[in-house]
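None of the figures in this text is laboratory data; all of them are computed from the coordinates on show. Fair warning: this is a prediction, and the values are worked out from it, not measured in the lab. Please note: Cβ atoms are built from the backbone with ideal geometry, for glycine as well, and neighbour counts cover all protein chains shown.
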Amino acid sequence: MTGTTLRHAAWILRGNPLTAIAAAGVVLLILIAVFGPQIVPYDPIVSNVSQALMPPSAAHLAGTDQLGRDTFSRLIVATRRRCPRPKRR
């Protein structure tokens, strides 16, 4: 990218706060997809029935599902799986 293109993008983001928020959200999703395996706190597949349907807490940021799986970890893994990848030749 050239300097002119970067200056133009910065000008657009400064002029419209909603665009800047949306761009930050897209960047956050990309970072979660790239670094997802390093930041998941629990294995998204392993069930722990004793922890089923727990509300959000410090241990489980988004709570747990019916099988006791950590919802936050499952969301991160789902984000990674749903991101489009370049096709291999």
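Can you tell me which residue in the stretch 55-78 is surrounded by the most Cβ atoms within 10 Å (Cβ to Cβ), limited to those that are in a loop (DSSP other than H, G, I, E, B) and small (G, A, S)?
From the stretch 55-78, those in a loop (DSSP other than H, G, I, E, B) are 55-63, 65-69; that's our starting set.
Among the residues that remain, those that are also small (G, A, S) are: 57-59, 62-63, 68.
On the way: S57: 10, A58: 5, A59: 12, A62: 15, G63: 15, G68: 17.
Per the stated criteria, the residue is G68.
Which residues, counting only those in the stretch 3-50, are closer than 18 Å to T79 by Cβ and of a type in the set (V, I, T)?
Quick first cut of the stretch 3-50, residues closer than 18 Å to T79 by Cβ only: 22-45.
Matches in the stretch 3-50: V26, V27, I30, I32, V34, I39, V40, I45.
Could you identify the single residue in G25, G3 that is loosely packed, with under 14 Cβ neighbours inside 10 Å, of a type in the set (G, A, S) and within 22 Å of the chain's Cα centre (by Cα)?
Working: G3 fails: within 22 Å of the chain's Cα centre (by Cα).
Criteria check complete, one pass: G25.
If you check Q66 against the conditions, is it touching a Ser or Thr at 6+ places or on another chain (Cβ under 6 Å) and either among the aromatic types (F, W, Y) or without any contact (Cβ under 8 Å) to a residue 24 or more places away in the chain (or both)? Reasoning before the result, please.
Working: touching a Ser or Thr at 6+ places or on another chain (Cβ under 6 Å): no; either among the aromatic types (F, W, Y) or without any contact (Cβ under 8 Å) to a residue 24 or more places away in the chain (or both): yes.
Answer is no for this residue.
Just checking, how many residues over the stretch 28-54 are in a loop (DSSP other than H, G, I, E, B), surrounded by 14 or more Cβ atoms within 10 Å (Cβ to Cβ) and within 16 Å of the chain's Cα centre (by Cα)?
3
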